[in-house]
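Undergrad: The structure that follows is given in the form of structure tokens.
Please treat every number below as a calculation from the coordinates, not as lab data. Computed from a prediction, not measured in an experiment: that's the story for all the values here. Neighbour counts are summed over all protein chains in view; Cβ atoms, including those assigned to glycine, are modelled from backbone coordinates with ideal geometry.
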Amino acid sequence: MRNLYISKLWIWERRIIMDLIGIELEHAIEIIKDNVPKKSKAYELSLWDANKRILAEDIYSPIDNPPFDKSPLDGFALRSQDLKGASKANPIRISVVDVIYAGHYSLKELKAGQAARIMTGAPIPSGADCVIRLEDVEEEDGFIIVSKELKHHDNYCFKGEDVIKGTHILSKGEKITYIEQGILASLGIDRVKVYDKPRLALLVTGDELVAPGKELALGKIYDSNLTLLYSRLSELGFEPVIADYLPDNPSLAADKLKEVCKKADIIVTTGGVSVGDKDILHEVLPLMGAKRLFWRVNLKPGTPAMFATYEDRVMFHLSGNPFAAVTTFELLVRPYLAKVSKDKDLDLNRKKAILDNDFTKESKGRRFIRARETDGTVTIPQVSKHASGILSSMIGCNCLIDIPAGSPKLAKGTEVEIIYL
Ligand code: AMP
Ligand code: MG
């Protein structure tokens, strides 16, 4: 009884304090980013696996590309001076002395009056300074009849015309896409040094949760956060090493989290951070010896977001309501992921847009609402569909509108700030 009384008192105390200690989003992000390890690890990776990774080295071309002068088309390599005066009225006969296919080469040096049949991509033989198209000649018993002049270096690809050996190709910090992969492959590079990726663990709490596909008993709901955030993380390039449920019992949860911290660098949990009897994270963190750096951010939804460190791990504890979890994941976890992985594309991407319909609620505190932006205008789902537990109205949404504290109702035509999802 006494324990119950103390714990009730504790909850009340938390309720009173919670109105006082919320911090601003920008301050929260600062605290979060300050906890990114100062040193970044890097390692070598096969180019094949380097898509979307961030380069941890400058890259210079080890070769000239192409590595030799080559023909850009199927035709005949020859000497332009041999074609001086060639015309329909004055066709010139040239003797064909060799055939060169791509991947092969000719050791013959072309002399006056000689040509080599050559295919696209094959090395131009010495002595030749231009290539005439197959379609532009007539062939006759080992000879070609040419009735047009060609200039020096007509139809001619130069050694190094794509990239000269030693040229700076890519900088440390750049993201490798399929384009960069193609370029590096063209230079013969098959391994690159990239920044290490943090290992992530995703856990959801709540005795009411049932995994999709299982039977729903009375009082239970399907867990959406694990699927939702797992998929979001994968989409952003981080496949969690753990995706699991956390028991609603503080000491079991603390033990489990400690185990998880052995395998992951970043831990994201949802649920259990508010002020209810089962909001266990308040007890879990001291039990495991973690250091809470903030609890409560001045925004809706997801106010009770919590951030903590345990040894050199960081832990984000987000509110369990699915829309709150999505919003605070974007606002708090993403900036950390951007900094730790040095991937600027993960930073919050803000833009101004014009409201396409009314938002008929005043916003005493800062509020984030889901919406869809197209060509600079932004449409919000019906007002009744904005509760933090409602997920269905997110279909088609691609951004959050950042509504400042103290905002009146917003009319169509108002300029608002959005953050792309
Ligand atoms: P909590 O943050 O634990 O207080 O949860 C707030 C609300 O979100 C409650 O109605 C929970 O049932 C619901 N909720 C918590 N976690 C999840 C989840 N993983 N999936 C769906 N709903 C959840
Ligand atoms: Mg809960």
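Undergrad: Can you put Arg372, Arg296 in order, fewest other beta carbons within 10 Å first?
TA: Ascending number of Cβ neighbours within 10 Å: Arg372, Arg296.
Undergrad: Taking the stretch 209-259, which GluC sites (Glu not before Pro) meet the DSSP loop condition and have no more than 12 other C-beta atoms within 10 Å? Mind showing how you got there, number by number?
TA: Working: sites: Glu215, Glu235, Glu259; in loops: Glu215.
Sparse-neighbourhood loop GluC sites (Glu not before Pro): Glu215.
Undergrad: A follow-up question, please. For every helix of n ≥ 4 consecutive DSSP H residues, a contribution of -39,500 (n - 2.57) applies; sum these over the chain, divide by its total residues, and give [θ] at 222 nm rounded to the nearest 500 deg cm²/dmol.
TA: Computed mean residue ellipticity for the chain: -6000 deg cm²/dmol.
Undergrad: With contacts defined as alpha carbon pairs under 8 Å and 6 or more residues apart, what's the relative contact order of the stretch 276-421 in percent? Mind dumping the intermediate values first?
TA: Details: 279 pairs, mean separation 32.6, N = 146.
About 22 percent, as a whole number.
Undergrad: If you don't mind, another one. Asp64's amide H: which non-local residues (gap 5+, or another chain) put their own amide H closer than 5 Å, with H modeled 1.01 Å from N in plane and none for Pro or chain starts?
TA: It is Lys165, by chain and number.
Undergrad: Could I ask something else about it? Suppose R0 equals 35 Å; then what is the FRET efficiency for Lys385 and Lys351 from their Cβ-Cβ distance, rounded to the nearest 0.05?
TA: Numbers: r = 23 Å, r/R0 = 0.66.
FRET efficiency, Lys385 to Lys351: 0.90.
Undergrad: Asp74 to Tyr178: FRET efficiency via 1/(1 + (r/R0)^6), r the Cβ-Cβ distance, R0 22 Å, to the nearest 0.05? Working shown, then result.
TA: Values: r = 29 Å, r/R0 = 1.31.
Between Asp74 and Tyr178 the formula returns 0.15.
Undergrad: Can you list the HN-Hα couplings for the stretch 217-232, worked out from phi with the Karplus curve (6.51, -1.76, 1.60; θ = phi - 60°), rounded to whole Hz and with x for Gly and Pro?
TA: So the J values, rounded to whole Hz, are 7, 4, x, 9, 10, 6, 7, 9, 5, 5, 5, 4, 6, 4, 5, 4.
Undergrad: Still on this structure, please answer the following. Using a/c under 1.5 as the rounded threshold, could you call the stretch 232-366 rounded, prolate or oblate? The axes a ≥ b ≥ c are square roots of the C-alpha gyration tensor eigenvalues, and prolate needs a/b larger than b/c, oblate otherwise. List each step's numbers first, then the result.
TA: Details: a/c = 2.25, a/b = 1.39, b/c = 1.62.
It is oblate, given that a/c is not under 1.5 and a/b is not larger than b/c.
Undergrad: I've got another one for you. Against the empirical 2.2 N^0.38 Å scaling, what ratio does the C-alpha Rg of the stretch 316-398 come to?
TA: On the way: Rg = 13.9 Å, N = 83, 2.2 N^0.38 = 11.8 Å.
Normalised Cα radius of gyration, the stretch 316-398: 1.18.
Undergrad: What distance in nm separates the two pseudo spin-label positions at Thr120 and Glu139, each 7 Å out from Cα along the beta-carbon direction?
TA: The answer from the label model is 1.7 nm.
Undergrad: Using θ = phi - 60° and the Karplus relation 6.51 cos²θ - 1.76 cosθ + 1.60, list the HN-Hα couplings for the stretch 387-400 in order, rounded to whole Hz, with x at every Gly or Pro.
TA: 4, 5, x, 8, 10, 4, 6, 7, 4, x, 6, 10, 7, 10
Undergrad: Taking amide H positions as placed in the peptide plane 1.01 Å from N, state which residues far from Gly206 in sequence (5 or more) or on other chains have amide H under 5 Å from it.
TA: Sorted by chain and number, the residues that satisfy this are Leu246, Asp248.
Undergrad: Once a ≥ b ≥ c are taken as the square roots of the eigenvalues of the Cα gyration tensor of the stretch 350-420, is the result rounded (a/c under 1.5), prolate (a/b larger than b/c) or oblate (a/b not larger than b/c)? Walk me through the numbers before you get to the answer.
TA: On the way: a/c = 1.41, a/b = 1.01, b/c = 1.41.
Because its axes are fairly even, with a/c under 1.5, the stretch 350-420 counts as rounded.
Undergrad: Something else: From the residues His152, Leu209, Val192, which one has its Cα farthest along the dipole of the stretch 146-242 in the positive direction, the dipole being from +1 and -1 charges on Cβ of Lys/Arg and Asp/Glu about the Cα centre?
TA: Comparing the listed Cα positions along the dipole, His152 ranks first.
Undergrad: What do you get for chymotrypsin sites (Phe, Trp or Tyr not before Pro) in the stretch 31-96 restricted to DSSP loop and a cutoff of at most 14 other Cβ within 10 Å of the site's Cβ?
TA: Values: sites: Tyr43, Trp48, Tyr60, Phe68, Phe76; in loops: Phe68.
Sites meeting the loop and neighbour criteria: Phe68.
Undergrad: Right, next: Tell me the label-point distance for the pair Ala102, Asn398, using the 7 Å Cα-to-Cβ offset, in nm and rounded to one decimal.
TA: Each label point lies 7 Å from its Cα, and together they span 3.7 nm.
Undergrad: Something else: At a Förster distance of 45 Å, what's the computed FRET efficiency of Glu311 paired with Lys412, Cβ-Cβ distance as r, to 0.05?
TA: Working: r = 51 Å, r/R0 = 1.13.
In this case the efficiency is close to 0.30.
Undergrad: May I ask you to compute the full-extension gain from Tyr43 to His27, defined as 0.36 nm times their residue separation minus their alpha-carbon distance, rounded to one decimal in nm? Intermediate results must be reported in sequence, preceding the final value.
TA: Details: separation 16, 0.36 × 16 = 5.76 nm, distance 3.26 nm.
Using 0.36 nm per residue and subtracting the Cα-Cα distance, I get 2.5 nm.
Undergrad: Next up: Let me check the size of the stretch 43-124 from its C-alpha atoms; what are the radius of gyration and Dmax in Å?
TA: 20.3, 67
Undergrad: Further, regarding this structure: Would you mind ranking Met306, Met119 so that the residue whose beta carbon has the fewest other beta carbons within 10 Å leads the list? The partial results should precede the final answer.
TA: Numbers: Met306 26, Met119 16.
Starting with the residue having the fewest Cβ neighbours, the order is Met119, Met306.
Undergrad: Do me a favour and compute the ellipsoid semi-axes for the stretch 155-213 from its Cα gyration tensor, root of five times each eigenvalue, largest one first, whole Å. Walk me through the intermediate numbers first.
TA: On the way: eigenvalues 427, 40, 13 Å².
The answer is 46, 14, 8 Å, longest axis first.
Undergrad: Among the listed pairs Lys258/Lys300; Lys352/Lys412; Lys262/Lys291; Lys193/Lys263, give every one whose C-alpha distance is greater than 21 Å. Don't skip to the answer; put the middle values down first.
TA: On the way: Lys258/Lys300 30 Å; Lys352/Lys412 14 Å; Lys262/Lys291 17 Å; Lys193/Lys263 23 Å.
Flagged as over cut-off: Lys258/Lys300; Lys193/Lys263.
Undergrad: Below 15 Å, Cα to Cα, which aspartates and glutamates can Lys41 reach? Residues fewer than 8 away in the same chain don't count.
TA: By straight Cα distance, Lys41 reaches Glu57, Asp196, Asp265, Asp312, Asp343.
Undergrad: On to the next question. Taking the number of other C-beta atoms within 10 Å as the exposure measure, put Met315, Met288 in order starting with the fewest.
TA: On the way: Met315 27, Met288 20.
Result, fewest neighbours first: Met288, Met315.
Undergrad: Report the semi-axes of the equivalent ellipsoid for the stretch 81-171 in whole Å, largest first, where each axis is √(5λ) for an eigenvalue λ of the Cα gyration tensor. The partial results should precede the final answer.
TA: Details: eigenvalues 164, 45, 24 Å².
They are 29, 15, 11 Å, listed from largest to smallest.
Undergrad: Using all C-alpha to C-alpha distances in the chain, build P(r) with 10 Å bins and read off the rounded percent in each one.
TA: In order of increasing distance, the bins hold 4, 17, 20, 16, 11, 9, 9, 8, 4, 1, 0, 0 percent.
Undergrad: Here's a follow-up. Post the alpha-carbon centroid distance, the stretch 328-373 to the stretch 260-319, in whole angstrom.
TA: 21 Å
Undergrad: So who's got an amide H within less than 5 Å of the one on Asn298, skipping anything under 5 residues away but keeping other chains? H placed 1.01 Å off N, in plane.
TA: Result for Asn298 returns Ile23, Glu24, Leu25.
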